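Accompanying notes for the structure given below.
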Amino acid sequence: MMVTDFQYLLGGLLASLLGLALLYKSKSTKKRRAPMVIQRHQSFKTSVNGSRRLETAGSADVIIVGAGVAGSALAHTLGKDGRRVHVIERDLSEPDRIVGELLQPGGYLKLIELGLEDCLNEIDAQRIFGYALYKDGKDTKLPYPLEKFHSDVAGRSFHNGRFIQRMREKAATLPNVRLEQGTVTSLLEEKGQSKEFNTRARMVDVPSCFVGLVLENCQLPHTNHGHVVLADPSPILFYPISSTEIRCLVDVPGQKVPSVSNGDMAHYLKTVVAPQPVASTINTLAGALYKVFCASPDKARQEMRRACFDYLSLGGIFSNGPVSLLSGLNPRPLVLVLHFFAVAIYGVGRLMLPFPSPKRMWLGARLISGASGIIFPIIMSEGVRQMFFPAMVPAYYRDPPNYRDFS
């Protein structure tokens, strides 16, 4: 009996020790994972011009780390709302990068909504009214469906760094917004109070990388249009970023970009990109339709590629729907699904003419199968509710503001 009691006592003691160890471990893990949510009762350490100092969040209602497009827009919006905002940016010099150079009409409408449309002034931004497509010596124009909007609504292309600098200047004009160059090195908590937000992101598929170069003092065939060239093995994109410069983006398949230092990049551009004849497609939704528009030895994929170009070339509702998605004027993903399968059915219909031979029927079945293999994963990642039940989506996204009469 005493032996049994001793075993229970020893087991209870070991369980208590193990529980205390696990509790200590979980608390230390939470401290290490504390996110940078800076509140009034918190302080933080910054490094400015090489000197480190301690600052409190009591002098500001909101502290924003990073003054890019999102940070600057947020600072301006909160500042207009009367909040005291402190923005800390690691480098306030003008960025030099190729991302975010083509603003779709939907993005321009958002700038108007935020009162930031004048940030596009004085940076030599170019108006974009749609895309020009080239394929196998043929070309077609896909204009943005802007008939219902004010004449000023269009896409804009520009130097990304100039745009960001204008947004920073706009935010800094507000008396309650303070912009400072520095680095936040740590976050100090008072009484351990903080909020933690967790999310689980999907694995990102990176099928290719863009390599950018600038062409100076030349003109594109269609003024104020982006040009998409369907090359082998992947698309090439051209658009103006100023009145004298054209951006060329070459899509390089694979996650590893050819090296510039050892000459691999120059060799790739000379031997793979430059010798090709003019061809094109549309970069409608980048990663979503990337597999459709890239060259493939598969007969079904080749037919899908041809059907997509010919479908868009029909114009009217056949091009307005996909282009409205591209331009950001139509946020409904269901339109993408409908047009995607419309392209597939259009391709199968062409295969069945003038006579549906067994070989053509088999190719048509493979075309539908391939299209399903591309679009269904997109539906699952976007969410079935957003795709097929838009009435359940928040009203803001279902009923965008009317900008027809803005001044």
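The values are calculated or read from the model by the stated rules, or taken from the named source; none is laboratory data. Not measured: the values here are computed from a predicted model. Cβ: placed from backbone, ideal geometry, glycine included. Neighbour counts: every protein chain shown.
Cβ-Cβ contacts under 6 Å between residues 6 or more apart (or on different chains), taken from a first residue in the stretch 162-182 that is touching a residue at least 24 places away in the same chain (Cβ under 8 Å) to a second residue that is part of a helix (DSSP H, G or I) and not hydrophobic (A, V, I, L, M, F, W, C), are listed as M167/S72; R168/S72; K170/H76; A171/S72; A171/H76; L174/G79; N176/G79; V177/G79. Only residues that are closer than 19 Å to A300 by Cα and touching a residue at least 60 places away in the same chain (Cβ under 8 Å): list them for the stretch 321-374, please. Within the stretch 321-374, L363, R366, L367, S369, G370, A371, I374 qualify.
In the stretch 159-182, the condition of being at pLDDT 90 or above, exposed (fewer than 14 other Cβ atoms within 10 Å of the Cβ) and either hydroxyl-bearing (S, T, Y) or in a loop (DSSP other than H, G, I, E, B) (or both) is met by at least one residue.
Once the stretch 122-140 is narrowed to residues that are charged (D, E, K, R) and modelled with pLDDT under 90, the residue that is farthest from L109 (Cα to Cα) is D136. If you go through the stretch 153-175 and keep only what is within 17 Å of G107 (Cβ to Cβ) and more than 24 Å from the chain's Cα centre (by Cα), you end up with nothing. Do we have any residue at all in the stretch 42-65 that's modelled with pLDDT of 90 or more and in a helix (DSSP H, G or I)? No: the stretch 42-65 contains no residue that is modelled with pLDDT of 90 or more and in a helix (DSSP H, G or I). Per this entry, L314 is counted among residues that are modelled with pLDDT of 85 or more, surrounded by fewer than 16 Cβ atoms within 10 Å (Cβ to Cβ) and either small (G, A, S) or more than 24 Å from the chain's Cα centre (by Cα) (or both).
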